[in-house]
1. Given the DSSP H assignment, sum -39500 (n - 2.57) over each helix run of at least 4 residues in the chain and divide by its residue total; what's the result at 222 nm in deg cm²/dmol, nearest 500?
2. From the square roots a ≥ b ≥ c of the eigenvalues of the alpha-carbon gyration tensor of region 1-124, which class results: rounded (a/c under 1.5), prolate (a/b over b/c), or oblate?
3. Take the alpha carbon atoms of region 283-316, find their center, do the same for region 70-107, and report the distance between the two centers in whole angstrom.
4. For Cα pairs less than 8 Å apart in space and 6+ apart in sequence, what is the mean separation divided by the residue count of region 178-228, i.e. the relative contact order in percent?
5. Take every DSSP beta bridge whose two residues both sit in the chain, then give the antiparallel share in percent to the nearest 5.
6. Give me the percent of Cα-Cα pairs in region 83-215 that sit more than 27 Å apart, rounded to a whole number.
7. Got the relative contact order for the chain handy, in percent, Cα pairs under 8 Å and 6 or more residues apart?
8. For the chain, build the convex hull from the C-alpha positions and give me its volume per residue in Å³.
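Values quoted throughout were computed directly from the atomic coordinates according to the rules given, and no laboratory measurement underlies them. Fair warning: this is a prediction, and the values are worked out from it, not measured in the lab. Counting neighbours? That spans all protein chains shown, and the Cβs are built from the backbone with ideal geometry, glycine included.
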Ligand code: SF4
């Protein structure tokens, strides 16, 4: 049984119009399914507005799914409420994008960690203090700094505190939503290495969400690529990054600077991501796709297995891929 199993998840947001107009919905996440196993890191990648943060919010139940199921360690949490939801939250914790805004400036680090430990464990006051010191060491911070406040730490250190807070509940699953995008490039690598190390030692499942494929590539076992609320490609990280079968993944990858030349060459996408309020018909990527045909404009491709464990939603992808520099 997978640690996290997401089935046909849909997340909608109501959109205000005039009071006479029919109520409209923005379909932020549209029929998304995937799994994360114990000890596995799954990367979720896509441009801003593709629905990846809405998935994160639905997983930690900051949003209620419009439909679909979310099973964590065998328990369906998609419709839990109140006490049952608070109890289930011990199993899944989130690391937020903003290390500046996600910590309460009025609470010392000790109080921040103690809040979580008091809520999710039965440890005594002394045991909790010992655990806080362990958590500080685990994320590479000096346990002697427990009495300090968030403003006394750098951005990277604050993100380490955010990770310690998430680990305090001893969750099975960590959901990291753009955990390094607010940090300097030099600090990003240290946070990614920390997550990799922690994941190895704790066998925790990790869903790592980012807009930057270069970041996701280095930490993930498997990658899901999203476009306008849907998964358009999924495969093992190495397979997807060496042989992308969807033109969108190929374009994202070709923008990642590497020492070796990518097989797809540089693919420049024209235009912006269309509004999810008025998505294009057929394949949602067709207005930006250099391979679009008449069929792409009228029919929507579903995910299909194109090679073992490699799924793509493109009519014209073949087992050997369709992409070459000459075609662009
Ligand atoms: Fe491009 Fe057509 Fe494939 Fe969509 S289905 S990605 S428009 S080739």
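1. The helix contribution divided over the chain gives -9000 deg cm²/dmol.
2. It comes out prolate by the Cα gyration axes.
3. Computed from Cα coordinates, the inter-centre distance equals 35 Å.
4. So the answer I get is 33 percent.
5. Of the beta bridges lying entirely in the chain, close to 60 percent run antiparallel.
6. Percent of Cα pairs beyond 27 Å in region 83-215: 13.
7. 19 percent
8. So the per-residue hull volume is 155 Å³.
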